[in-house]
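Written below as structure tokens is the structure these notes are about.
The values are calculated or read from the model by the stated rules, or taken from the named source; none is laboratory data. Computed from a predicted model, the values in this text were never measured in an experiment. As a convention, Cβ positions derive from the backbone with ideal geometry for all residues, glycine included, and neighbour counts pool all protein chains shown. Ligands, DNA and RNA are excluded from the accessible area calculation, which covers all protein heavy atoms including side chains. Shrake-Rupley method; radii C 1.70, N 1.55, O 1.52, S 1.80 Å.
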Amino acid sequence: MRQSSALDILKTGQNVFLTGSAGSGKTYTLNQYIDYLRARRVPVAVTASTGIAATHMNGTTIHSWSGIGIKDELSDRDLTTLSRKQFLADRLKDTAVLVIDEISMLHAKQLNLVSQVLKHIRKNDKAFGGIQVVVAGDFFQLPPIGSKGETNREKFAFMSEAWLDAKFHICYLSEQHRQVSEAANGGLDLDDILNQIRRQEVTFESIAALEATFDQNVDIKRTRLYTHNLNVNSINDKELAALEGEMMRFTATSTGDSKLVETLKKTVRTQDDLVLKVGAKVMFIKNNTELGVSNGTMGELIGFAAVKINDDSKDSSDDLIEDDDDSAESETDKTVKGKSKKAIKEKPKAKKPTTQKMPVVRLNSGREVVAEPEEWIIEDETGDVLASYEQVPLCLAWAITIHKSQGMTLDAAEIDLSCTFELGQGYVALSRLKSLAGLQLLGMNDMSLQLDPLARGADKRFLVLSEEADANYAMLDEESMTQAHEKFILKSGGTLSKSVIDAYATLQKKRREQQQAQIDKKQKLGNQVSDKSDSTLLATRLLLEESLSIAEISQARQLSQSTIMRHIADLKSQDPSLACDHLRPEDEVMTAVGNAYVAIKVANNPNDFNDDGSIKLRPIFDHLKQSIDYNAIRLALIFITP
């Protein structure tokens with residue numbers, strides 16, 4: 001099925017499973033549909049099965065969005081508790097379309113829970129509470145993590161009750177946008193080999209073509225993929241030890257729920273203690289539009305540069321709402337009265353900005369960039385952070401595991417499949433490449449080109465159902481299709497106003513131009529190492545001057561809402577006349593937060609202050625007895641503090 005045909009089906013409002021081989025454009029098609037909905041003001045929730053995938057989609061995890069967290073089952077009491085969370089109930093009731101990317105990595109039990117929660121809160125017994133659900137992914141990728149002893153039959157989402165209940169229309173994309181055709185040069189096409197693996201009909205010719213790469217010399221900047229961590233760590237440690245010169249250690253920091261933090265750690269391709277030396281082969285593990293790098297961008301570490309760091313660190317209580325926190329009167333409340341003016345003057349002094357050495361990476365393209373710490377978070381729709389993990393977004397990349405290569409696109413790779421132990425590993429590894437010309441295969445075993453039989457059977461069925469759907473919708477004339485699209489938009493509370501749609505398109509164009517301007521600015525700097533903070537604040541300011549909301553700026557910058565809040569606070573302190581009055585909370589909120597702010601300053605409890613002298617959010621939140629959420633408090637403080 002072509003992408004345009006899939007979009008036509010999506011626009012009718014039917015539940016859809018969007019699938020296809022690696023590089024077929026699933027994410028691109030999803031983004032096209034999401035933009036279509038937002039232009040028409042249809043409430044759409046963008047989620048993914050993992051934190052990393054959610055970052056790529058500029059969304060949140062389905063676990064956080066739906067409120068299911070890390071649970072495998074929900075009792076009646078759990079459902080009642082969730083329904084009493086007003087922000088969660090409002091979010092689920094207001095949503096018209098739910099997108100879940102990387103569905104292959106979501107356990108069947110969890111998909112059932114999402115449907116269960118939506119049915120309960122929306123008081124609608126239809127699948128997923130009656131909203132349109134769009135899931136995307138490829139079940140030939142490696143399966144979700146399950147309990148010990150669980151089979152793939154128990155784990156795959158397409159085996160869940162919710163999947164059957166949803167009656168998904170299948171859109172199986174057939175166009176290839178990653179692999180490069182080599183047939184014109186008389187060679188066998190990698191895309192042909194991958195499709196043969198998908199069909200489990202690999203020819204002797206294909207095996208011979210793969211074996212012919214055993215002695216093929218590929219780019220020295222290649223990536224080496226192995227099936228086991230033991231091999232990867234051994235290679236990386238050996239290569240790092242062989243380098244001379246200064247060794248730098250970067251230690252990760254984390255906050256929030258310990259189980260959610262562990263979930264983040266499992267999906268983030270780095271280490272708690274990252275050791276680097278000049279000459280190390282490294283890979284970026286997070287997209288950064290400002291630097292012009294993406295997940296999988298390779299390079300070599302050429303030095304360490306002193307970068308100015310504003311000490312705005314905070315403890316784990318700053319951004320977290322603890323659902324079970326029913327504590328009584330806080331210590332702040334008990335000590336507000338009786339404090340003198342002298343006590344106010346003795347609050348902690350602000351620390352001056354410090355400098356810290358950060359890695360300088362020369363990318364394979366020749367451009368040089370500074371890799372500063374990045375934050376991975378799990379947050380809800382209101383921007384409240386449930387867990388965070390911060391580390392320099394690099395990993396040693398002489399070798400990586402095939403599991404960690406999922407989602408990457410590689411120009412050249414050395415792949416060892418001789419110890420394949422899981423069905424689908426070989427397919428995942430080979431599908432990372434653009435062509436056979438970039439492959440050096442070190443070995444294969446009997447399992448290397450095999451796929452899970454259940455996934456294979458399901459894929460055959462998906463292909464047939466996709467062809468049927470394509471044929472059925474092709475019978476509709478243009479007028480009937482347009483009417484179906486418009487009917488769904490109106491049913492979902494959207495608008496067909498041309499002026500509204502055009503305004504959204506103009507806004508999106510401006511955002512793209514601003515993002516490109518930032519990338520161009522970085523590229524023009526060439527080999528110069530510059531302070532990133534000024535440009536990142538400028539990018540936020542430009543969007544702020546367009547009167548965009550926190551959520552809209554977060555989406556455009558591909559940063560968390562809490563990070564955007566900090567940007568605005570910094571900008572406001574630099575320029576009191578900053579154009580941000582459209583974000584000012586209501587007077588009732590401003591008054592309540594202002595009173596709490598004064599009370600906490602008077603109390604002068606050192607535990608209530610950050611190292612830079614600013615008041616932490618948690619004491620204010622406790623003082624207000626949780627009547628105002630963290631985002632409202634953050635915004636109010638921007639207007640209250642000098």
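Taking label positions 7 Å along the Cα-Cβ direction at both Glu262 and His228, the computed distance is 2.5 nm, reported to one decimal.
Ordering of 471-478, 613-620, 371-378, 95-102 by packing is 95-102, 371-378, 613-620, 471-478, highest average first (other Cβ atoms within 10 Å, averaged per residue).
Compared with the direct C-alpha span, the chain from Asp125 to Glu479 gains 124.2 nm at full extension, assuming 0.36 nm per residue. The Lys85 and Asn217 beta-carbon pair, evaluated with R₀ = 41 Å, returns a calculated FRET efficiency of approximately 0.10.
The peptide list 198-209, 586-597, put in order of mean Cβ contacts within 10 Å with the highest first, becomes 586-597, 198-209.
The heavy atoms of Arg511 offer some 20 square angstrom of accessible surface to a 1.4 angstrom probe. Gain on full extension, evaluated as 0.36 nm per residue between Ser418 and Asp272 minus their Cα-Cα distance, stands at 49.6 nm. Starting at 0 and stepping by 10 Å, how many percent of the alpha carbon pairs of the range 61-156 end up in each bin? Taking all Cα pairs of the range 61-156, the binned fractions are 15, 49, 29, 7 percent.
Dividing the alpha-carbon radius of gyration of the range 118-265 by 2.2 N^0.38 Å (N being the number of residues), what value is obtained?
Relative to the rule-of-thumb radius for its length, the range 118-265 sits at 1.55.
Label reach from Arg153 (point 7 Å along Cα→C-beta): in the range 105-121, no amide nitrogen lies under 12 Å. Taken along the Cα-to-beta-carbon direction at a fixed 7 Å, the label points for Thr27 and Thr251 span 3.3 nm. Available extension along the chain between His582 and Glu73 is 179.1 nm, counting 0.36 nm per residue and deducting the alpha carbon span. Magnitude of the charge dipole for the range 1-45, about its Cα centre and with charges confined to Cβ atoms of Lys, Arg (+1) and Asp, Glu (-1), is about 120 debye. A Förster radius of 22 Å, combined with the Cβ-Cβ distance separating Asp446 from Thr203, puts the computed FRET efficiency at roughly 0.85. Treating r as the C-beta distance of Ile302 and Ser614 and R0 as 60 Å, the FRET efficiency rounds to 0.95. Between the alpha-carbon centres of the range 251-267 and the range 392-427 there is a gap of 23 Å. Beyond 13 Å, what percent of the Cα pairs of the range 79-122 remain? In whole percent, the long-distance tail amounts to 59.
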